[in-house]
Amino acid sequence: MKNNYSQPLYRPPSEAWSMIIQVTEGCSHNKCRFCYMYKCKQFRLKSKEEIKEHIEWLKPMYKNPDRIFLADGNVLCLKTEKLLELLNYIKKEFPNVQRISSYSGPLDLLRKSEDELKAVRNAGLELLYMGVESGSDKVLSMMEKGVTQKEMIEAGQKAIKAGFKLSCMIISGLGGTEYMEEHAVESAKVISAINPHYFSLLRLVVEEESELAEDVRQGKFKMLTPLQVLDENIIMLENMELTDCIFRANHVSNHVNQAGTLNKDKEILIERLKKFRESPSFIPTTFDRL
Ligand code: SF4
């Protein structure tokens with residue numbers, strides 16, 4: 001039986017132990033200037049037969065998975081009817097599954113009606129990962145994310161209203177030096193308005209394959225220094241107003257590992273960042289490609 005994962009294959013860090021079912025290939029948007037993930041892939045929906053064959057191949061390796069992640073980029077672009085059929089099939093094949101999750105594009109969330117989203121949630125898709133990246137309209141437009149701040153807030157709020165658990169990601173440094181403060185303040189505004197269950201802060205790492213690499217080489221985009229990243233993180237946290245949101249900044253890209261619950265731990269997290277900021281012995285971890 002052939003291995004029909006189309007590479008490269010991505011999943012959030014918290015899905016490291018999940019069985020990954022590849023339902024689509026690539027990302028239907030695929031235009032964000034900082035993103036290299038699916039540049040080499042033409043977006044396509046896999047056929048029902050391909051998915052079934054893929055599941056048959058996975059079964060002997062995973063037997064009774066309790067967590068399943070649906071890849072690639074934006075599985076919610078599937079027609080609701082197809083998605084419901086798929087979720088029912090997955091639950092029949094893996095009756096012990098406790099959690100099914102996927103990435104979710106904001107525009108896919110907005111395209112579905114509230115009733116459709118509730119039906120998808122009730123069929124078993126529980127956790128959605130939404131890459132907000134930035135809350136600033138200027139930065140979203142500069143990076144060609146294809147979504148406005150208003151749409152991002154609407155999409156996140158709609159997902160939560162439909163009953164999903166929502167994990168939102170912001171990319172630290174995405175405004176460059178020009179929009180550093182705006183990126184921090186507006187991102188805090190969007191995350192606060194959505195009030196997701198989980199909020200992750202990653203740091204921008206520019207990969208050669210991305211369009212942003214060319215902007216950096218031409219001097220059109222200036223990356224933040226490690227100390228500027230800490231300043232930006234402090235401004236972002238100072239402007240966050242969240243309730244019981246699990247916060248993580250513990251990706252390999254982060255200069256300082258942070259974890260806590262917002263807003264409960266907000267002051268402690270800010271003070272910790274300030275201490276690193278002031279410390280003469282602060283040596284940032286470096287995980288940069290350019
Ligand atoms: S960041 Fe997300 S939406 Fe943008 S191109 Fe990458 S996978 Fe697609």
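Select from the stretch 181-229 the residues that are touching a helix residue (DSSP H, G or I) at 6+ places or on another chain (Cβ under 7 Å) and of a type in the set (Ser, Thr, Tyr) and list them in ascending order.
Ser187
Determine whether Tyr36 is away from the ligand (no atom under 14 Å from the Cβ) and either out of contact with any strand residue (DSSP E or B) (no Cβ under 8 Å at 6 or more places or on another chain) or of a type in the set (D, E, K, R) (or both). First the steps, then the outcome.
Details: away from the ligand (no atom under 14 Å from the Cβ): no; either out of contact with any strand residue (DSSP E or B) (no Cβ under 8 Å at 6 or more places or on another chain) or of a type in the set (D, E, K, R) (or both): yes.
Spelling it out, it is not the case that Tyr36 is away from the ligand (no atom under 14 Å from the Cβ) and either out of contact with any strand residue (DSSP E or B) (no Cβ under 8 Å at 6 or more places or on another chain) or of a type in the set (D, E, K, R) (or both).
Considering only residues that are crowded, with 17+ Cβ neighbours inside 10 Å and of a type in the set (Ser, Thr, Tyr), look in the stretch 183-238 and name the one that is farthest from Cys35 (Cα to Cα).
Here the residue is Ser192.
Please indicate, with yes or no, whether at least one residue in the stretch 88-106 is within 30 Å of Met142 (Cα to Cα) and either more than 14 Å from the chain's Cα centre (by Cα) or in a loop (DSSP other than H, G, I, E, B) (or both).
Of all residues in the stretch 88-106, those within 30 Å of Met142 (Cα to Cα) come to 101-106.
From the residues that got through so far, the ones that are either more than 14 Å from the chain's Cα centre (by Cα) or in a loop (DSSP other than H, G, I, E, B) (or both) too are 104-105.
Within the stretch 88-106 (the criterion being within 30 Å of Met142 (Cα to Cα) and either more than 14 Å from the chain's Cα centre (by Cα) or in a loop (DSSP other than H, G, I, E, B) (or both)), the answer is yes, since at least one residue qualifies.
Looking at the stretch 111-156, which of its residues are basic (Lys, Arg), more than 16 Å from the ligand (Cβ to nearest atom) and buried (at least 16 other Cβ atoms within 10 Å of the Cβ)? Quick ask: steps written out before the conclusion?
Going through the stretch 111-156, the residues basic (Lys, Arg) turn out to be 111-112, 118, 121, 138, 145, 150.
Adding the requirement that they be more than 16 Å from the ligand (Cβ to nearest atom) leaves 112, 118, 121, 138, 150.
Selection gives Lys112, Arg121.
Filter the stretch 157-173 down to residues that are more than 16 Å from the chain's Cα centre (by Cα) and surrounded by fewer than 21 Cβ atoms within 10 Å (Cβ to Cβ) and give me whichever is nearest to the ligand (Cβ to nearest atom). Can you show your working first?
Of the stretch 157-173, the ones more than 16 Å from the chain's Cα centre (by Cα) are 158, 161-163.
From what's left, surrounded by fewer than 21 Cβ atoms within 10 Å (Cβ to Cβ): 158, 161, 163.
Values: Lys158: 17, Lys161: 22, Gly163: 23 Å.
This residue is Lys158.
Would you pick out the residues in the stretch 39-85 that are of a type in the set (Lys, Arg), within 16 Å of the ligand (Cβ to nearest atom) and part of a loop (DSSP other than H, G, I, E, B)? So that I can check it myself, show each step before the final result.
First pass over the stretch 39-85, keeping only residues of a type in the set (Lys, Arg): 39, 41, 44, 46, 48, 52, 59, 63, 67, 79, 82.
Keeping just the survivors that are within 16 Å of the ligand (Cβ to nearest atom) gives 39, 41, 44.
Correct list: Lys39, Lys41.
Every number in this text was worked out from the coordinates using simple rules, so none of it is lab data. All values derive from a computational prediction rather than experimental measurement. Note that each Cβ is placed from the backbone with ideal geometry, even for glycine, and that neighbours are counted across all protein chains shown.
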